[in-house]
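This report refers to the structure that appears directly beneath it.
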Amino acid sequence: MQKTVLVTGGTGYIGSHTAVELMQKSYNVVIVDSLENSELSVLDGIEKITSQKPKFEQADLAERNATLKLFEKYPNIDAVIHFAAYKAVGESVAFPLKYYRNNLNSLMNVLEAMALHEVKNLVFSSSCTVYGQPDVLPVTEQTPIQEANSPYGNTKQISEEIIRDFLHVTPSIQAIALRYFNPIGAHESALIGELPIGVPNNLVPFITQTAAGLRKELSVFGDDYQTPDGSAIRDYIHVVDLALAHVKAIDRLFNGEAKKTIEHFNLGTGKGVSVLECIQSFEKVTGLKLPYKMAARRPGDVEQIWANTSFANQELQWQTQRSLDDAMLSAWNWEKRIRKI
Ligand code: NAD
Ligand code: WQD
């Protein structure tokens, strides 16, 4: 029988791409989102790609009653992918309670509702931010977690602990925490992509908005890091590859292959790329010249991090298939479509 996956935060950036891949693998998808950081029009994009409209509910999962009601309305949920969270690091420093309240309450409400309704499978959106600046690169899932450098990062660490502790007393639930590195790019169709509200927080939307003329120039934060070209290094993963890893994680849970009550997986490409290399890739695939200047380091940034992805490659039978160039081109095609360029 067709399985049903509840995708929380499913009109958001990663959630919408994952909903598409799930639907294309014949999963039945229910999306719930508060629409605080996304738009209803995302559902049209999903429908155009998949020729189906996913079921959608607007609800704030940080509200316990709304969450319980949602699970009552959909009694046949087989798995939850919990994307819904606030994600702006800087904002979390300014408004820590807002972040703890939203990110932790929504998770606890979802866990409570899952237990009540005997939903057995959870995939949780975690982040490479839990590793801070690791001593040894690339980072494996065994790399020690470091003290979080923002309330946002702390919500991811605490969330993983909440899941671990809850599953300890609720062994019927299995969970996979996916630690994303830096998701970038958009669906190849340019029908869905990243829609930052206000000033973007992340590098690639900043690049595409600068190229689109919305911003004068890009500041490259830091030119004196101990890296080959002096700019900071990250592991940028195409959002469609990331979405496909969620399908594999869901398959793993449904196939009963998960080995522990909570498993952790790094999701990246396994390759470190500098900010200047990102700019070069963007310029190469678009043929545009990006205005940028070197600037001071951004407070709180780590110098370099990239993933060892062996565990995900083996256990999820998953590999990234898209390059940095593919991601940059898709991000630009998406920016052009939304700006009508
Ligand atoms: P996003 O903001 O595009 O999507 C999150 C969605 O959740 C939004 O549509 C928002 O409206 C919704 N939401 C927030 N709080 C909610 C609530 N209480 N109830 C219902 N809906 C709520 O973010 P994204 O980039 O798609 O990130 C998805 C998840 O992945 C988040 O948990 C984020 O922390 C995590 N993550 C993101 C990145 C990244 O760089 N994008 C990296 C690592 C981890
Ligand atoms: C990447 C690189 C910047 C903007 C953040 C969160 C992390 C995770 C992923 C959720 C850095 C540089 C950026 C600009 C620049 N999210 N940069 N000019 O900082 O690796 O991680 O998103 O879990 O928790 O902290 O991503 O895209 O902001 O930055 O030079 O205008 O680009 O300094 O080196 P980051 P990012």
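Coordinate-derived values only; no laboratory data. Because the structure is a prediction, the values reported are computed rather than measured. So basically every Cβ, Gly included, is an ideal-geometry build from the backbone, and we count neighbours across all protein chains shown.
Report, in listed order, any pair from Lys55/Lys248; Lys25/Lys48; Lys55/Lys156; Lys156/Lys248 with a Cα-Cα distance greater than 26 Å.
Flagged as over cut-off: Lys55/Lys156.
So what does log10 I(q)/I(0) come out to for the chain at q = 0.07, 0.10 Å⁻¹, using the Debye formula with one equal point on every Cα and no solvent?
Calculated log10 I(q)/I(0) at the listed q: -0.27, -0.56.
Please give me the summed charge of the neighbours of Ile145: other residues whose Cβ is under 13 Å from its Cβ, Lys and Arg +1, Asp and Glu -1.
-2
Round to a whole angstrom and tell me the spacing of the C-alpha centers of segment 115-161 and segment 204-219.
About 30 Å separates the Cα centre of segment 115-161 from the one of segment 204-219.
Taking the Cβ of Tyr236 as the centre, find all other residues whose Cβ is under 10 Å away and add up their charges (Lys, Arg: +1; Asp, Glu: -1).
0
Give the separation of the Cα centroids, segment 1-26 to segment 275-298, in Å.
33
With each pseudo-label sitting 7 Å past Cα toward Cβ, what's the Leu68-Gln146 distance in nm, one decimal?
4.2
State to the nearest 20 debye the size of the charge dipole of segment 1-67 about its Cα centre, where the only charges are +1 on K and R beta carbons and -1 on D and E beta carbons.
That gives segment 1-67 a dipole magnitude of about 380 debye.
Among DSSP beta bridges lying fully in the chain, give the percent that are antiparallel, nearest 5.
Of those bridges, close to 5 percent are antiparallel.
Under a 5 Å amide H to amide H cut-off, with H placed in plane at 1.01 Å, what residues pair with Gln174 once short-range neighbours are removed?
Asn121, Leu122
What residue among Gln146, Gln280, Gln314 shows peak mean-square fluctuation when the chain is described by a Gaussian network model with Cα springs under 10 Å?
Gln314
For segment 1-157, what is the percent of antiparallel DSSP beta bridges, rounded to the nearest 5?
0
Work out from phi, with θ = phi - 60° and the Karplus expression 6.51 cos²θ - 1.76 cosθ + 1.60, the ³J(HN,Hα) of each residue of segment 103-108, listed in order in whole Hz, and give x for Gly and Pro.
6, 7, 4, 4, 5, 5
So which residue, out of Gln174, Gln157, Gln317, gets the largest mean-square fluctuation from a GNM of the chain using Cα contacts under 10 Å as springs?
Gln317
Rank the residues Ser159, Ser26, Ser274 as a footprinting-exposure proxy: fewest other Cβ atoms within 10 Å of their Cβ go first.
By the 10 Å Cβ count, ascending: Ser26, Ser274, Ser159.
Could you go through segment 132-146 in sequence order and give the Karplus-derived ³J(HN,Hα) for each residue, using 6.51 cos²θ - 1.76 cosθ + 1.60 with θ = phi - 60°, rounded to whole Hz, and x for Gly and Pro?
Residue by residue, segment 132-146 yields x, 9, x, 6, 10, 10, x, 8, 9, 5, 8, 4, x, 5, 10 Hz.
Please list, in chain and number order, the residues 5+ apart from Gln304 or on another chain whose amide H is under 5 Å from its amide H, with Hs placed from the backbone.
Ile233
Over 19 Å, how big is the tail of the calculated P(r) for segment 187-341, in percent of all Cα pairs?
Distances greater than 19 Å cover 59 percent of the Cα pairs.
So for the chain, taking the charge dipole from beta-carbon charges (+1 Lys/Arg, -1 Asp/Glu), which of Asn102, Asn182, Thr4 sits furthest toward the positive end?
About the Cα centre, the residue reaching furthest to the positive side is Thr4.
Using the Cα centre as the reference, give the magnitude of the dipole from point charges on the C-beta atoms of the chain (Lys, Arg: +1; Asp, Glu: -1; all else neutral), rounded to the nearest 20 debye.
The calculated dipole for the chain is roughly 600 debye.
For segment 294-303, just list the computed ³J(HN,Hα) in residue order, Karplus coefficients 6.51, -1.76 and 1.60, θ = phi - 60°, integers in Hz, with x standing in for Gly and Pro.
6, 9, 5, 4, 7, x, x, 6, 7, 6
Between the helical axis of 275-286 and the dominant principal axis of the chain, each derived from Cα atoms, what acute angle in degrees is found, rounded to the nearest 10?
90
State the antiparallel share, in %, of DSSP beta bridges confined to segment 151-278, rounding to the nearest 5.
20
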